[in-house]
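Visitor: Supplied in structure tokens, the structure appears directly below.
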Amino acid sequence: MDVKIKSMKREDFKDNEYIDKLVEELNATGANVVVGKLDQLINWGRANSLWPLCFGTSCCAIEFMCLGAARYDMARFGFEVARNSPRQADYIMVQGTIVHRMAPVLRRLYEQLAEPKYVIAAGGCAVSGGPFKNSYCVLPGVDKILPVDVYIPGCPPRPEAMFYGLMQLQRKIKVQRFFGGANRKEKIQEFFAQHPEEKDKY
Amino acid sequence: MSDIKERIRKICPSAVFEDGEILFVEVSEPEWYGFAKALRDDLKFDLLSAVVGMDWKDSLGVVYYLTSTSRNWEMIVVKVAVADRENPMIHSVSDLWHVANFQEREVFDFYGIKFINHPDMRRFFLRNDWVGYPLRKDYDANPEINPIRLTDEINEDDSVSYVEDKDGKVKAVKKNVFEKEDYVVNIGPQHPSTHGVMRFRAAVDGETVKKVDVVSGYIHRGIEKLSEGMTYPQILHFTDRMDYMSAHQNRHCLCMCIEKALGLEVPRRAQVIRVMMDELMRISSHLLSFGCTAMDLGATTAFFYGFREREMVLDIFEKTCGARMSMNYNVIGGVIADLHPDFQKDVKALIEIMPSRLKEYHKVFTGNVIAQNRMRNVGMLSKEDAVNYAITGPSGRGSNWSCDCRKKHPYSIYAELDFNEVLEDGCDSFARYMVRMREIEESCKILAQLVDQIPDGPIRAQVPKLIKLPEGRWYQQVEASRGVFGVYIESDGQKNPYRVHFQSPCFNLVGVMDLTCQGYMIADLITIGAALDFVIPDIDR
Ligand code: SF4
């Protein structure tokens with residue numbers, strides 16, 4: 001099975017092995033023909049109408065705004081319906097530094113997202129704490145509190161980089177099983193078990 | 001200056017003077033409040049420019065920078081220190097200069113200095129269950145003490161005030177942030193129209209705002225503390241990430257402050273480039289502000305228009321600096337790279353196109369009846385309040401207060417340039433908005449003067465490999481996109497600063513939210529915020 005993104009060649013992407021592995025996992029359990037086709041249809045729809053919950057705290061968010069403006073125009077990909085309520089969004093796009101005071105808010109918003117849900121960490125700060133990693137009150141990467149699906153490095157990432165990251169998320173979604181064996185949920189619960197609310201230290 | 005010195009001696013005989021670029025006075029704590037009052041009323045220091053908390057190891061204290069707007073923007077520095085580390089207390093001056101209200105809360109948050117008679121002594125940036133005061137030199141940064149807590153913070157509805165009675169005894173008095181029967185609406189921290197992660201708690205009566213409580217710190221990154229552990233070239237990049245819409249100006253300011261301390265002469269070419277970049281940045285910032293204000297009012301088209309021209313500026317930046325944002329262009333002694341060959345051509349194209357584009361903006365948004373109704377006579381801020389709250393930049397000038405740092409304390413080559421300070425006398429949101437639009441024209445004018453006059457020569461002065469500042473303190477101000485931005489550096493002769501403080505204009509802007517929103521509709525809170533145009537990471541730092 002090939003994971004296609006319109007106008008993009010396979011070689012244009014890095015991390016193809018990761019997607020290959022996901023495909024393998026998908027095939028290993030033996031896809032039912034009818035359900036498999038339905039899955040593909042639904043995933044095609046899901047991947048092309050990804051609605052973000054914009055969680056922009058600082059500079060990276062401005063670059064995300066450029067994505068929404070005319071020059072980069074994210075409507076081409078179906079990302080344009082930026083939501084402000086987690087209930088209506090498919091994924092949370094963390095752009096910017098997350099500090100101690102913000103951490104519980106972010107976690108709460110993530111929990112409020114409806115399944116299936118994804119997380120993108122855009123920018124150095126969201127990936128690892130960026131330039132502020134050593135600060136007394138900065139979270140060294142959102143993956144300390146959320147299961148991250150795609151990391152987009154950069155300070156800030158260029159709009160093109162953001163698109164690349166978003167397309168990677170599309171690819172990931174396309175090889176997921178929507179019916180039946182969806183095991184994402186368990187993975188999230190596993191993550192939460194490992195990262196409980198009252199964490200004492202990292 | 002000597003005249004002032006004499007007069008100060010008369011008011012406060014025990015004051016200790018120190019010579020420096022600005023007159024420096026040290027007064028003892030018990031005399032401080034009376035002295036401050038005299039400074040404001042008799043010596044006409046009506047503007048509190050900066051409040052810097054300090055830890056000198058043997059004492060804690062505050063350094064105040066005061067400006068007299070009526071006397072040619074003359075400045076004075078006052079130092080107040082207390083030796084008690086357990087329970088340090090200094091008299092508050094928030095009733096004299098209202099801007100001190102939030103500033104003192106910041107100092108309390110960082111250093112644990114309690115301000116006597118301050119109406120509302122709560123933490124400002126950090127969680128209210130935070131242990132310790134992070135900017136103290138003996139702060140224990142062990143993550144076990146302050147782990148990343150994922151439990152929600154309890155809303156603080158009580159506050160405390162340390163009130164002094166007639167005999168000079170200080171008593172902690174419990175205060176309520178809101179009254180008991182107030183209906184409080186929470187806005188933020190994750191709200192699309194607060195332009196970042198700011199949180200407001202608004203007490204409303206029907207739809208009318210009674211009080212706005214600002215809860216800040218959702219993007220407090222601890223830049224000032226981080227800076228203390230870094231060398232001077234290393235701290236430069238933080239300035240690009242505070243107010244990212246004033247990246248060039250902020251960095252220019254920090255560089256100038258360090259250059260001043262080093263006694264470094266910046267080559268003419270670098271100065272011209274810096275000023276041009278500053279003005280381009282101002283244009284891009286005002287365009288973004290235009291787009292966002294419009295979008296907050298539902299005018300999505302205007303947003304696209306604003307961003308269209310902003311991309312032109314970003315292209316210019318990208319070609320020369322290598323990045324669209326976080327340019328990291330100014331360095332100590334000059335700029336990091338020479339101009340791109342297309343620079344002049346691109347700038348000319350921008351200045352040529354801007355007048356017609358501005359006309360377009362006015363057509364699509366400014367004249368619109370909704371925009372007019374939502375902005376005119378909303379969020380009134382008188383000139384006196386603007387001075388008292390130290391609201392500089394376009395917002396201050398919208399209250400007809402002439403406060404442009406490029407005119408008042410001309411730096412770099414601004415003194416030679418021909419441009420007007422834009423003033424509007426509406427005192428409302430619309431006036432602030434109009435100042436921004438007209439400032440774009442002025443910035444274009446500056447660019448037009450310089451674009452063909454970029455001299456040849458080096459882009460950087462020779463700087464020592466290891467930059468060490470001599471002992472002392474320096475303060476430098478520039479006119480950033482949103483107002484006067486200040487950098488305070490105190491050095492003990494090491495390669496890293498002893499203390500760096502960034503005095504951000506947005507910090508003061510948010511301090512005036514309560515005042516400007518009172519009596520207006522809750523929906524106006526968004527427009528007022530948009531017209532004040534604060535950038536949150538600049539507030540929180
Ligand atoms: S990664 Fe860089 S640009 Fe993005 S929020 Fe952090 S500091 Fe700002």
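The values are calculated or read from the model by the stated rules, or taken from the named source; none is laboratory data. Quantities reported herein were computed from a predicted structural model and do not represent experimental measurements. Please note: Cβ atoms are built from the backbone with ideal geometry, for glycine as well, and neighbour counts cover all protein chains shown. Keep in mind that these areas ignore ligands, DNA and RNA; they rest on the heavy atoms of the full protein, side chains included. Shrake-Rupley method; radii C 1.70, N 1.55, O 1.52, S 1.80 Å.
Visitor: Can you tell me how many residues within the range B:1-37 are part of a helix (DSSP H, G or I) and more than 26 Å from the chain's Cα centre (by Cα)? Break it down stepwise before answering.
Guide: Of the residues in the range B:1-37, the ones part of a helix (DSSP H, G or I) are B:2-11, B:29-37.
In the following step, the residues that additionally are more than 26 Å from the chain's Cα centre (by Cα) were identified as B:2-11, B:29-31, B:34.
Counting residues in the range B:1-37 that are part of a helix (DSSP H, G or I) and more than 26 Å from the chain's Cα centre (by Cα) gives 14.
Visitor: Here is a further query. From the list B:V16, B:V27, which residue is in contact (Cβ under 8 Å) with a residue 24 or more places away in the chain, among the aliphatic types (A, V, I, L, M) and outside the structural domain of B:V500 (by TED's automatic domain parsing)?
Guide: After applying the criteria, what remains is B:V27.
Visitor: Can you report the number of residues in the range B:280-319 which are away from chain A (no Cβ under 11 Å), touching a His at 6+ places or on another chain (Cβ under 8 Å) and open to solvent by 10 Å² or more (accessible area, probe 1.4 Å)?
Guide: The total comes to 1.
Visitor: With away from the ligand (no atom under 14 Å from the Cβ), in contact (Cβ under 8 Å) with a residue 60 or more places away in the chain and within 16 Å of A:F192 (Cβ to Cβ) as the only criterion, which of A:E111, A:E115 stands out? If you could, list the steps in order and put the result at the bottom.
Guide: Values: A:E111 fails: in contact (Cβ under 8 Å) with a residue 60 or more places away in the chain.
Residue meeting the stated conditions: A:E115.
Visitor: Can I ask one more? Hey, among A:P147, A:P140, which residue is part of a loop (DSSP other than H, G, I, E, B) and open to solvent by 30 Å² or more (accessible area, probe 1.4 Å)?
Guide: Numbers: A:P147 fails: open to solvent by 30 Å² or more (accessible area, probe 1.4 Å).
Result of the check over A:P147, A:P140: A:P140.
Visitor: Contact list please: Cβ distance under 6 Å, first residue in the range A:51-68 and more than 8 Å from chain B (Cβ to nearest Cβ), second residue open to solvent by 10 Å² or more (accessible area, probe 1.4 Å) and within 13 Å of the ligand (Cβ to nearest atom), pairs at least six apart or on different chains.
Guide: Between residues of the range A:51-68 that are more than 8 Å from chain B (Cβ to nearest Cβ) and residues that are open to solvent by 10 Å² or more (accessible area, probe 1.4 Å) and within 13 Å of the ligand (Cβ to nearest atom), the close pairs are A:C60/A:P156; A:F64/A:G56.
Visitor: Something else now. Looking only at the range B:303-322, decide whether some residue is small (G, A, S), within 16 Å of the ligand (Cβ to nearest atom) and over 25 Å from B:F502 (Cα atoms).
Guide: Applying the first criterion (small (G, A, S)) to the range B:303-322 yields B:306, B:322.
Those left that are additionally within 16 Å of the ligand (Cβ to nearest atom): B:322.
When the remaining residues are screened for being over 25 Å from B:F502 (Cα atoms), the result is B:322.
Within the range B:303-322, one or more residues are small (G, A, S), within 16 Å of the ligand (Cβ to nearest atom) and over 25 Å from B:F502 (Cα atoms).
Visitor: Hey, does the range A:106-127 have a residue that's open to solvent by less than 10 Å² (accessible area, probe 1.4 Å) and closer than 19 Å to B:A141 by Cα?
Guide: Scanning the range A:106-127, I find no residue that is open to solvent by less than 10 Å² (accessible area, probe 1.4 Å) and closer than 19 Å to B:A141 by Cα, so the answer is no.
Visitor: Restrict the check to the range B:428-445 and report whether at least one residue is more than 19 Å from the chain's Cα centre (by Cα), open to solvent by 60 Å² or more (accessible area, probe 1.4 Å) and of a type in the set (K, R).
Guide: Yes, the range B:428-445 has at least one match.
Visitor: Is it the case that B:D243 is within 14 Å of another protein chain (Cβ to nearest Cβ) and within 17 Å of the chain's Cα centre (by Cα)?
Guide: Numbers: within 14 Å of another protein chain (Cβ to nearest Cβ): yes; within 17 Å of the chain's Cα centre (by Cα): yes.
Yes; evaluated as a whole, the condition is true for this residue.
Visitor: Taking A:S58 as the residue in question, decide whether it is within 16 Å of the ligand (Cβ to nearest atom), touching a helix residue (DSSP H, G or I) at 6+ places or on another chain (Cβ under 9 Å) and polar (S, T, N, Q). I'd like the intermediate steps shown before the answer.
Guide: Values: within 16 Å of the ligand (Cβ to nearest atom): yes; touching a helix residue (DSSP H, G or I) at 6+ places or on another chain (Cβ under 9 Å): yes; polar (S, T, N, Q): yes.
In short, yes.
Visitor: Exactly one of these conditions fails for B:A270: (1) out of contact with any Leu (no Cβ under 7 Å at 6 or more places or on another chain); (2) in a helix (DSSP H, G or I); (3) open to solvent by 10 Å² or more (accessible area, probe 1.4 Å); (4) in contact (Cβ under 8 Å) with a residue 24 or more places away in the chain. Give me its number.
Guide: (3)
Rundown of residues vs (1) surrounded by fewer than 21 Cβ atoms within 10 Å (Cβ to Cβ); (2) out of contact with any Ser or Thr (no Cβ under 8 Å at 6 or more places or on another chain), yes/no style:
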residue	(1), (2)
A:E25	yes, yes
A:A28	yes, yes
A:K37	yes, yes
A:A47	no, yes
A:C66	no, yes
A:A75	yes, yes
A:R87	yes, yes
A:I98	no, no
A:A103	no, yes
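Visitor: In this structure, is B:G379 assigned to a helix (DSSP H, G or I) and either aromatic (F, W, Y) or within 11 Å of B:L532 (Cα to Cα) (or both)?
Guide: Working: assigned to a helix (DSSP H, G or I): no; either aromatic (F, W, Y) or within 11 Å of B:L532 (Cα to Cα) (or both): yes.
So B:G379 does not fit the description; no.
Visitor: In addition: For the range B:324-335, indicate whether the set of residues that are within 16 Å of the ligand (Cβ to nearest atom), assigned to a helix (DSSP H, G or I) and open to solvent by less than 50 Å² (accessible area, probe 1.4 Å) is non-empty.
Guide: Our first condition is that a residue be within 16 Å of the ligand (Cβ to nearest atom); within the range B:324-335, this holds for B:324-329.
Checking the rest, the ones that are also assigned to a helix (DSSP H, G or I) come to none.
No, the range B:324-335 contains no residue that is within 16 Å of the ligand (Cβ to nearest atom), assigned to a helix (DSSP H, G or I) and open to solvent by less than 50 Å² (accessible area, probe 1.4 Å).
Visitor: Sticking with this one: Can you name the residue in the range B:358-383 that is in contact (Cβ under 8 Å) with a residue 60 or more places away in the chain and under 13 Å from B:G398 (Cβ atoms) and, of all such residues, is most open to solvent (accessible area, probe 1.4 Å)?
Guide: As a first pass, look at the range B:358-383 and keep what is in contact (Cβ under 8 Å) with a residue 60 or more places away in the chain: B:358, B:361-362, B:364-366, B:368, B:370-371, B:374-375, B:378-381.
Still in the running and under 13 Å from B:G398 (Cβ atoms): B:375, B:378-381.
Working: B:M375: 0, B:V378: 11, B:G379: 0, B:M380: 79, B:L381: 1 Å².
Among those that are in contact (Cβ under 8 Å) with a residue 60 or more places away in the chain and under 13 Å from B:G398 (Cβ atoms), it is B:M380.
Visitor: Here is a check on your reading of the model: is A:I120 facing another protein chain (nearest Cβ under 10 Å) and at pLDDT 85 or above?
Guide: Details: facing another protein chain (nearest Cβ under 10 Å): no; at pLDDT 85 or above: yes.
No: the conditions fail for A:I120.
Visitor: Residues A:V94, A:V150: which one is within 14 Å of the chain's Cα centre (by Cα), more than 13 Å from chain B (Cβ to nearest Cβ) and within 16 Å of the ligand (Cβ to nearest atom)? Before the answer, list the steps.
Guide: On the way: A:V94 fails: more than 13 Å from chain B (Cβ to nearest Cβ).
Residue meeting the stated conditions: A:V150.
Visitor: Hey, another quick one. Given the structure, is B:M256 open to solvent by 10 Å² or more (accessible area, probe 1.4 Å), in contact with a strand residue (DSSP E or B) (Cβ under 6 Å, 6 or more places away or on another chain) and more than 21 Å from B:Y433 (Cα to Cα)? It would help to see each step written out before you state the result.
Guide: Numbers: open to solvent by 10 Å² or more (accessible area, probe 1.4 Å): yes; in contact with a strand residue (DSSP E or B) (Cβ under 6 Å, 6 or more places away or on another chain): yes; more than 21 Å from B:Y433 (Cα to Cα): yes.
Yes, satisfied.
Visitor: Then there is this: In the range A:71-91, which residues are within 13 Å of chain B (Cβ to nearest Cβ), within 16 Å of B:F304 (Cβ to Cβ) and at pLDDT 80 or above?
Guide: A:R71, A:Y72, A:D73, A:M74, A:A75
Visitor: For the structure I just gave you, tell me whether B:R149 is open to solvent by 40 Å² or more (accessible area, probe 1.4 Å) and more than 21 Å from the chain's Cα centre (by Cα). Lay out the reasoning, then the answer.
Guide: Working: open to solvent by 40 Å² or more (accessible area, probe 1.4 Å): yes; more than 21 Å from the chain's Cα centre (by Cα): yes.
Yes; evaluated as a whole, the condition is true for this residue.
Visitor: Looking at (1) in contact with a strand residue (DSSP E or B) (Cβ under 8 Å, 6 or more places away or on another chain); (2) within 8 Å of chain B (Cβ to nearest Cβ), which is the one condition that is false for A:R108?
Guide: Failed condition: (1).
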